[in-house]
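This report concerns only the one structure given below.
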Amino acid sequence: MRPSGRAHDALRPVFIQPGFARHAEGSALIRMGGTEVLCAASVEMRVPSFLRGKGRGWVTAEYGMLPRATHNRGAREAAKGKQGGRTQEIQRLIARSLRAVTDLNALGEISITVDCDVLNADGGTRCAAITGGWVALRLALEKLVRAGTLAVVPLKGQIAAVSCGLTQDGAVLDLDYAEDSTACTDSNFVLTPDGGIVEIQATAEQAPFTDSQFNTLMRLARTGTAELFRIQTAIIEEALKA
């Protein structure tokens, strides 16, 4: 039995509250078990210098963790004067994932920054940030359409992310901290509903894993993201009605 009592292919309880950051063009508070991430999408009517005059937009992301999001207080990176390598790696992953499903040509010379701030961490923060970040981005783009700035929502698809791993209990979906910290293999899958793969991060912590084990993790990830896609879609529909 897993520490949480869940079945091997069960997600933690998922909750998404759209519009949590009242001043952002699009936002969502996502909770996956004990992990909570606030995702806020901010729109700027300009692009970075390397894109000026090219008629293309830009989507990027920033990621951070509150000092007491974890069991022990972590120093603010602003106080250190620089971001850590883990922070940079995660925010680049989030940005790449969001750009993969955004039609930057249709966006035009507009930039959107999706800030993902971890309020409470219990494993899977980057996956929660990607899943909630897509909701925030979708709502921000809808606002631009309703304002007449864009003719259509410039999204090519939907993305969600989930972790999977090999533990003493076998292959499991959506690891919490207790499982993540002791897993033999840890992986993160960023997927689309139509079978697309945006990114996979998989690492053997103790011993190499096999093709068969990887395929099992992939099947679990498909199961988990299918439920996340359903939740995202329902939240978007509810938010747009409101």
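The values are calculated or read from the model by the stated rules, or taken from the named source; none is laboratory data. Since the model is a prediction, treat every value here as computed from it, not as a measurement. Cβ atoms come from the backbone with ideal geometry, glycine included; neighbour counts cover every protein chain shown. The accessibility values were calculated without ligands, DNA or RNA, using every heavy atom of the protein model including side chains. Shrake-Rupley method; radii C 1.70, N 1.55, O 1.52, S 1.80 Å.
Looking at the chain, the DSSP beta bridges with both ends there are about 85 percent antiparallel. Measuring r between the beta carbons of Cys184 and Ala7 and using R0 = 22 Å, the FRET efficiency lands at 0.70.
With the simple spin-label model, which puts each label point 7 Å out from Cα in the Cβ direction, the Arg219 to Thr149 separation comes to 4.5 nm.
Ligands, DNA and RNA left out, the 1.4 Å accessible surface of the chain is 49% carbon and sulfur atoms. Packing around the peptides 171-183, 24-36, taken as the average count of other Cβ atoms within 10 Å per residue, puts them in this order, highest first: 24-36, 171-183. Taking each DSSP H run with n ≥ 4 as -39500 (n - 2.57) and averaging over every residue of the chain yields -10500 deg cm²/dmol at 222 nm. Of interest is the spacing of the C-alpha centroids, which for segment 89-122 and segment 161-207 amounts to 21 Å. Stretching Ser212 away from Ala75 to a fully extended chain increases their span by 45.2 nm, per 0.36 nm per residue minus the current alpha-carbon distance. Taking packing as the residue-averaged number of other Cβ atoms within 10 angstrom, the listed peptides 117-130, 98-111 run from highest to lowest as 117-130, 98-111.
Take every Cα pair under 8 Å whose residues are at least 6 apart in sequence, average their separation, divide by the length of the chain, and the relative contact order is 22 percent. Partner lysines whose Cα lies under 22 Å from the Cα of Lys143, excluding those fewer than 8 positions away in the same chain, are identified as Lys156, Lys241.
Figure legend: label point modelled 7 angstrom from the Cα of Lys54 along Cα→Cβ; residues of segment 93-133 with amide N under 12 Å from it are 104-105, 109.
Shown here: volume of the Cα convex hull per residue in Å³, derived from the displayed model; of the candidates (i) 110; (ii) 188; (iii) 135, it corresponds to (iii). Solvent-accessible area of Lys143, all protein chains in place: 110 Å² (probe radius 1.4 Å, heavy atoms, ligands and nucleic acids excluded). Judged by the mean number of other Cβ atoms found within 10 Å, the most tightly packed of the peptides 65-75, 38-48 leads the ranking 38-48, 65-75. For Lys54, the aspartates and glutamates whose Cα comes closer than 12 Å to its Cα, not counting residues fewer than 8 places off in the same chain, are Glu109. Full extension of the chain between Met45 and Thr203 yields a length gain of 52.9 nm, computed as 0.36 nm times the residue separation minus the alpha carbon distance.
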